[in-house]
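Reading through the structure tokens given below for one structure.
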């Protein structure tokens, strides 16, 4: 039996569980299952892995995308650049692989944990068809694990950006300081926060929506509800909008590809 799963906390709304269960049934993938592992503290990861020795791969969601890094034996380049991981491949340690094992990881184990960020792939492939020449300057709302993947993609695409946060941080703009001029300058606005996610669908990030135009593109990583209040307010001003559903599908399929590679080298 091949076993995969998702770690995070809480896990009340899991796209991954439904997606992979349906995938296994539709594609007749036998002897394979996907489980949810509500993990409140990342320090409990080693115990989880030893309790489930049949685990071959894990997805990682909030709040562990950043803190999980210290438990990994190897981290793929883009994930290391982003400083966040949402996919772990669990491989049996071998002499060849052992030669690449870094100084981090779970000591005293006979498996190798490899970290990837499939959010990067999913977001890039989902965003690129929507981009116009005018979308060369972005506002990234939030600065959590998902935001790191978004910023990595923007860097790769040569799109300049500013992060918008609730708390002061060097180089960031505070939500409370956000003005109409910021909105007019940045024609691409990406929400990486959970604000507006069901069941709190009547909420939205506090930005000057009145400054939006039909030149803007609003992207929300949230997919439930399908149209968040953030996107609705953008659409009312004529802006192009997109939610995070396609990104989730693409990142999940990428995780499956990674889990089923025979060997992955740094």
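The values are calculated or read from the model by the stated rules, or taken from the named source; none is laboratory data. Quick caveat, the model's predicted, so the values are computed rather than measured. Note that we place each Cβ from the backbone using ideal geometry, even for glycine, and neighbour counts take in every protein chain shown.
Residues in segment 12-40 that are in a loop (DSSP other than H, G, I, E, B) and within 19 Å of the chain's Cα centre (by Cα) were compared, and the one that is modelled with the lowest pLDDT is 13. For the list (1) within 30 Å of residue 69 (Cβ to Cβ); (2) out of contact with any strand residue (DSSP E or B) (no Cβ under 7 Å at 6 or more places or on another chain); (3) assigned to a loop (DSSP other than H, G, I, E, B), I need the number of the one condition that residue 148 fails. Here residue 148 clears every test but (3).
Inspect all residues belonging to segment 166-183 and state whether any of them is touching a strand residue (DSSP E or B) at 6+ places or on another chain (Cβ under 6 Å) and within 16 Å of residue 130 (Cβ to Cβ). Within segment 166-183 (the criterion being touching a strand residue (DSSP E or B) at 6+ places or on another chain (Cβ under 6 Å) and within 16 Å of residue 130 (Cβ to Cβ)), the answer is no, since none of the residues qualifies. Applying the set (1) surrounded by fewer than 15 Cβ atoms within 10 Å (Cβ to Cβ); (2) under 16 Å from the mean Cα position of the chain (by Cα) to residue 70 leaves exactly one unmet item: (2).
When 66, 90, 42, 75 are screened for being in contact (Cβ under 8 Å) with a residue 24 or more places away in the chain and under 13 Å from residue 118 (Cα atoms), only 75 passes. Among the conditions (1) at pLDDT below 95; (2) surrounded by 15 or more Cβ atoms within 10 Å (Cβ to Cβ), the only one that residue 124 does not satisfy is (1). Residue 253 - would you say it is in a helix (DSSP H, G or I), free of Cβ contacts under 8 Å to residues at least 24 places away in the same chain and within 22 Å of the chain's Cα centre (by Cα)? Yes: the conditions hold for residue 253.
Taking the numbered list (1) within 22 Å of residue 120 (Cβ to Cβ); (2) surrounded by fewer than 16 Cβ atoms within 10 Å (Cβ to Cβ); (3) in contact with a strand residue (DSSP E or B) (Cβ under 7 Å, 6 or more places away or on another chain) in turn, residue 52 passes all entries but (1).
Tallying residues that are closer than 27 Å to residue 18 by Cβ and in contact with a helix residue (DSSP H, G or I) (Cβ under 9 Å, 6 or more places away or on another chain) within segment 226-256 yields 19. Inside segment 184-215, residues that are closer than 22 Å to residue 143 by Cβ and within 20 Å of the chain's Cα centre (by Cα) make up a count of 12.
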